[in-house]
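The values are calculated or read from the model by the stated rules, or taken from the named source; none is laboratory data. None of the values given here were measured: they were computed from a predicted structure. Here the Cβ is made from the backbone with ideal geometry for all residues, glycine too, and neighbour counts use every protein chain on show.
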Amino acid sequence: MNPFHETATATHQMSRRKVLRGLGTLMSLPFLESVGGRAFAAAAKPAKAPLRAAWLYIPNGVNVQQWFPTGEGAGYQLSPTLKEIERHRSEFMVVSGLAQDLARSHGNGGGDHARATSTFLTGCMPKKTAGADIQLGVSVDQIAAQKIGHLTRLPSLELSTDGQRSAGRCDSGYSCAYQFNLAWKNETMPMAPEMDPRLVFECLFGYGSAGARGADGARRQRLQKGILDTVLDEAKSLQGKVNVSDRRKLDEYFSSVRDIEMRIERAEKFTAELPKDIKVPEGVPESYEEHIRVMFDLLALAFQTDTTRLSTFMLAHDGSNRSFPDIGVPDAHHGISHHQRDPQKLAKLAIIDSFYLRQLGYFLDKLKSIKEGEGTLLDNSMIVWGGGIGDPDRHNHDDLPILVAGRAGGTWTPGKRIILPGETPMTNLYLSMLDRLGVRAERVGDSTGVLEVG
């Protein structure tokens, strides 16, 4: 019997999180409000959408004069930089006054970029070493994954545009592991992020062996394409069993999957034309902006299908010297971040800040466009956006540039600015997020209590 058909029709039963299996493929469908927890029954109660959380990291601080708004509450005034996402004003909060105290030196000398990244989700002081004896703490996403990760196929999803580095010497004698990893499973084990969209795509859909190249890679991709075609065709049989809203949702989902795959294939076609001695991970777009956006599309897809409810995404590591010639900034980001109040450097820094916020705007657009129940995927999410440095010229780790987006399933009321007392631990916010995820935790790193920002 066709395994897809059997899954879709047997006993006319369907769980909220429908899974199609066959030929080594595992593909989750989006949340369908017309499908209850027990059966396709007209009187069945709509299932409740799960809550998701993502932590998105930007490097090297910001131009604080252009980034931070003025005022407080719902009537605050957007700054020049934040006007980049003005259309989402009702969907995010600016949370001012948060700090990561253990990103400071505390007698360890230089290394603010390594400490900024490593403390961002852990609230712990990294051991200063460039050797194998790294030591930090468990990050908030992994604290959550330990408790609710079993509810989804992937306990968590780690993304980056910078690749993986878990060894070697980086910032001022700190291991590169601290600077290139946001998520930490335990005190000595970082969760290496993935930068290749093709491999993320395969991870989400559960087929293929990562890393195949040449003829093997071509055969693998042909097989995968046939598998995906079969899955999508068979999944469409579900459309006769759901309501009009869910049929539209399935159509949008299928189109989204196809669009992402086509964009990855275009990127692979570009890399295939490079000289043989140039190694570029397959599936990585030439454009940095396109790279970020396809990763955001994949993250939205992972949340939409409930493949995972927890994710981290490092848009770039702290200390990144990436240049931005496409937006008029050919200079290295880290270099101009030490602006010493030079007006030209500050202006260029503001351009980069706006670039990154445009990417956030794109992601929020995506989440907001996906309907769930009476709301959207964004309504059922908690998105933290920011970095571990405020003014890069001072390397300060207080009053961090932090935005919090989404409505946390109706428990957050965005559209305002909250100004907290100075030195409020960033990890207090994370305790609040864990509570909403149903995860009980006494502390996260240096937390001192639950911060309610709703």
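Some values worked out for this structure:
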item: Hey, S337 modelled with pLDDT under 95 and small (G, A, S) or not; result: no
item: Criterion violated by D133 - all others in (1) touching a His at 6+ places or on another chain (Cβ under 9 Å); (2) more than 29 Å from W412 (Cβ to Cβ); (3) acidic (D, E) satisfied; result: (1)
item: Selected residue (only one of G406, G415 is under 23 Å from the mean Cα position of the chain (by Cα), surrounded by 23 or more Cβ atoms within 10 Å (Cβ to Cβ) and within 26 Å of Y76 (Cα to Cα)); result: G406
item: Any hit, the stretch 335-344, residues being in contact with a strand residue (DSSP E or B) (Cβ under 6 Å, 6 or more places away or on another chain) and among the β-branched types (V, I, T); result: no
item: Residue within the stretch 156-173 that is among the hydrophobic types (A, V, I, L, M, F, W, C) and modelled with pLDDT of 95 or more present; result: yes
item: Hits in the stretch 312-332 - residues which are surrounded by fewer than 23 Cβ atoms within 10 Å (Cβ to Cβ) and hydroxyl-bearing (S, T, Y); result: S320, S323
item: Pairs where the first residue, in the stretch 121-139, is within 12 Å of S447 (Cβ to Cβ) and the second is surrounded by fewer than 20 Cβ atoms within 10 Å (Cβ to Cβ), C-beta under 9 Å, 6+ apart; result: G123/D101; G123/R443; G123/D446; C124/Q135; C124/E187; C124/D446; G137/N186; G137/E187
item: Residue match in the stretch 444-454 (condition: modelled with pLDDT of 95 or more and within 17 Å of E91 (Cα to Cα)); result: no
item: Which numbered condition Y356 misses (of (1) among the hydroxyl-bearing types (S, T, Y); (2) free of Cβ contacts under 8 Å to residues at least 40 places away in the same chain; (3) out of contact with any helix residue (DSSP H, G or I) (no Cβ under 8 Å at 6 or more places or on another chain)); result: (2)
item: Residues located in the stretch 389-403, provided they are over 10 Å from S337 (Cβ atoms) and among the acidic types (D, E); result: D398, D399
item: The stretch 81-93 residues that are closer than 10 Å to L360 by Cβ, paired with ones that are among the polar types (S, T, N, Q) and surrounded by 16 or more Cβ atoms within 10 Å (Cβ to Cβ) (beta carbon under 6 Å, 6 or more apart); result: E84/S354
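The rows are residues; the columns are (1) touching a helix residue (DSSP H, G or I) at 6+ places or on another chain (Cβ under 7 Å); (2) outside any strand (DSSP E or B); (3) not assigned by TED's automatic domain parsing to the domain that holds C124.
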{"residue": "M382", "(1), (2), (3)": "yes, no, no"}
{"residue": "G388", "(1), (2), (3)": "yes, yes, no"}
{"residue": "P392", "(1), (2), (3)": "yes, yes, no"}
{"residue": "H397", "(1), (2), (3)": "yes, yes, no"}
{"residue": "V404", "(1), (2), (3)": "no, no, no"}
{"residue": "T413", "(1), (2), (3)": "no, yes, no"}
{"residue": "I418", "(1), (2), (3)": "no, no, no"}
{"residue": "T424", "(1), (2), (3)": "no, no, no"}
{"residue": "L431", "(1), (2), (3)": "no, yes, no"}
